[in-house]
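In what follows, a single structure is set out as C-alpha cells and then discussed.
Since every read-out is calculated from the coordinates, none of them should be taken as a lab result. Keep in mind the model is a prediction, meaning the values are calculated, not measured. When we count neighbours, we look across all protein chains shown, and the Cβ atoms used for this are built from the backbone with ideal geometry, even at glycine.
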Amino acid sequence: MEMQPGPTNWAGQASLLLPGTVRMWLYHSFAAGGKLACSYRFRQILYGTEQYHAAVIKTDGVTPSQGGEDYIQFNKEIKQLRALYKPNAQLPEKLAARKTAIVWNLENYWTIDRQKQNGRWDAWNYPIGFLEMAKSFGAQVDVVDENKDLSDYKVVVVPAYAMADAALIKKWTHYVQQGGHLIITCRTATMDRAGHFWEEETAAPLSDLTGAHITTTDMMPSNSKGDILYGQNHYYWNLWADLLKPDEGTTVLAYYNDQFYKGSAAVVKRNVGKGTVTYIGVVTDGMTLEKEILKNNYAEAGATIENYPPGVFVYWRDGFYVAVNYASDSYEMKLPAQAKILIGEKTLNPAGVLVWSE
C-alpha cells in the first residue's frame, strides 16, 4: 500500500505531519514484518488534480520534503540494522509466552458491515481494538486467516467472525483441547458460509464449544448505559449484549447488573481439554472489560505482560526490538540492563522510534 510522505489532497483537511512521522510509519511497517515500502508520490506535480498532494521531493524537483528527509534518515538507519542482522535469531521466551493471533477475513467484515444492526457498530475497528489491547500488553500479534495453523499461539482471539461452519469450529475446539486459550466474541458463527442464519438457535454450532447458549440480544440507545458486574468492578455498555444461558460446568465471569434481565450471564468461560475458551457476549465502553478478560488469559497462559500506554507499540523482528510512539506525550521505555540501544533514545518522543537488542 502507499506510504504517504505528507499531507494529501483528498483528506478533507490536509494537516501537516509532525516531523518524523513518515520515518515512524516506515519503522512500524518494518517491525510488523514488512519487506517493501512503496511511497506515493516521488515528486510533487505542477499540474492536474493532485497538485496539493505531498511528495518525497518538492516542486523544484531537487529539495526533499519533510517526508523525504524521513525517508533519507530511515534508509541510512536500516543499513545500520542490516549490518547487525542475525538470520537465526529466535523469538525470546517472554514474547513466545504471549504470542497472539486475531482471526479475521474480509467476508466477515463485509457481512457485518452490511447489516450492522446497530448504527454505531464499527466493523473495521472492532477487531483492531483487540489488536491494540494485545499490543499494549507487549504481545507479538498476528492477524491471521482461518486456515492458519494456530498451534504456536498461546492466545487466539476470534472477534465478530459472523460466518463459520462445523469444520472451522472443530479446528478451534482442537486448538483449545491442545492447551490454547481461545477468546470468542459476540456476532461469531451466527451465520453459515452463505450468510444465512442457522435454522436453530443463534450461533447454534458454537454452543458446544462455549458451553453457553445465546437466548437473545439487546442494544441500548446512545444516551443510555447498561451495567455489567465483573468481580467487584462495574463496566458499562450500550452497543451490543448477548444474553447467555450457560450449561452446567460453564463458569459465568460477568453478569448484567440492571435491566429486566439483571443476573443474566454476559461473559462465560469453560475448560476444554488442556485449554480454555471464553465467550464475551458484550461490547463495553472503551472495551475495558474485554481488556481485563484478555489480560487474565495471558496470566492463565503463564505469560508476563507489559503495560504500554495508548499509542506506544513495541515489536520484535529478527533480533531487533522496535518501539514507536503515536501518542502526543513522551514515554520513558523501561529496558533491561543488558539492552543495547541501536537507534534512538529511551525517552520515546511523539513520532519517535527506538530500536534495541537484548
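So here's what we get for this one:
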{"quantity": "P(r), alpha carbons of the stretch 173-242 - 5 Å bins starting at zero, rounded %", "calculated": "3, 13, 18, 19, 19, 15, 9, 3, 0"}
{"quantity": "For the stretch 103-201, projected area of the alpha-carbon convex hull averaged over all directions, nm²", "calculated": "6.8"}
{"quantity": "Sequence of C38, C186 once ranked by neighbouring C-beta atoms within 10 Å, starting from the fewest", "calculated": "C38, C186"}
{"quantity": "Fraction of beta bridges assigned by DSSP in the stretch 98-300 that are antiparallel (%, nearest 5)", "calculated": "65"}
{"quantity": "Sites A32 and L342, calculated FRET efficiency, Cβ-Cβ separation with R0 22 Å, nearest 0.05", "calculated": "0.75"}
{"quantity": "Mean separation of Cα contacts under 8 Å, 6 or more apart, over the residue count of the chain: relative contact order %", "calculated": "15"}
{"quantity": "Nearest-ten-degree value, helix 66-84 long axis tilted from longest Cα axis of the chain", "calculated": "80"}
{"quantity": "Kirkwood Rh in Å, taken over the stretch 244-327 so that all alpha-carbon pairs contribute", "calculated": "15.5"}
{"quantity": "Candidate lysines for bridging to K225, where Cα separation is under 26 Å - those fewer than 8 sequence places away on the same chain excluded", "calculated": "K116, K245, K262, K269, K291, K295"}
{"quantity": "Separation of alpha-carbon centers, the stretch 76-130 and the stretch 44-61, rounded to whole Å", "calculated": "33"}
{"quantity": "Whole-angstrom gap from the stretch 287-358 to the stretch 209-251, using each part's C-alpha centre", "calculated": "32"}
{"quantity": "Ascending count of other beta-carbon atoms within 10 Å, so fewest first, for T111, T185", "calculated": "T111, T185"}
{"quantity": "For the stretch 228-239, Karplus couplings with θ = phi - 60° (6.51, -1.76, 1.60), whole Hz, Gly/Pro x", "calculated": "10, 10, 10, x, 9, 9, 9, 10, 10, 8, 7, 8"}
{"quantity": "Pairwise label distance in nanometres, Q177 with E2, each label 7 Å out on the Cα-Cβ vector", "calculated": "4.9"}
{"quantity": "Convex hull volume per residue for the stretch 98-300, taking Cα atoms only, in Å³", "calculated": "113"}
{"quantity": "Computed over the stretch 98-300: relative contact order in percent, which uses C-alpha pairs under 8 Å that are six or more apart", "calculated": "20"}
{"quantity": "Of all DSSP beta bridges in the chain, antiparallel share, percent nearest 5", "calculated": "70"}
{"quantity": "Fully extended contour minus Cα-Cα distance, from K170 to E199, at 0.36 nm per residue", "calculated": "8.5 nm"}
{"quantity": "Rg over Rh, two decimals, the chain (C-alpha only, Kirkwood Rh)", "calculated": "1.02"}
{"quantity": "Label point distance in nm, T215-I78, each placed 7 Å from Cα along Cα→Cβ", "calculated": "5.6"}
{"quantity": "For the stretch 20-125, alpha-carbon Rg and Dmax in angstrom", "calculated": "20.1, 55"}
{"quantity": "Distance (nanometres) between label positions extended 7 Å along Cα→Cβ at T49 and Q259", "calculated": "4.6"}
{"quantity": "Proxy reagent accessibility, fewest Cβ within 10 Å first, across W10, W316, W240", "calculated": "W10, W316, W240"}
{"quantity": "Net charge, K334 excluded, C-beta distance under 13 Å - Lys, Arg +1, Asp, Glu -1", "calculated": "-2"}
{"quantity": "Contact order relative to length of the stretch 130-203, as percent, for alpha carbon pairs under 8 angstrom and 6 or more apart", "calculated": "30"}
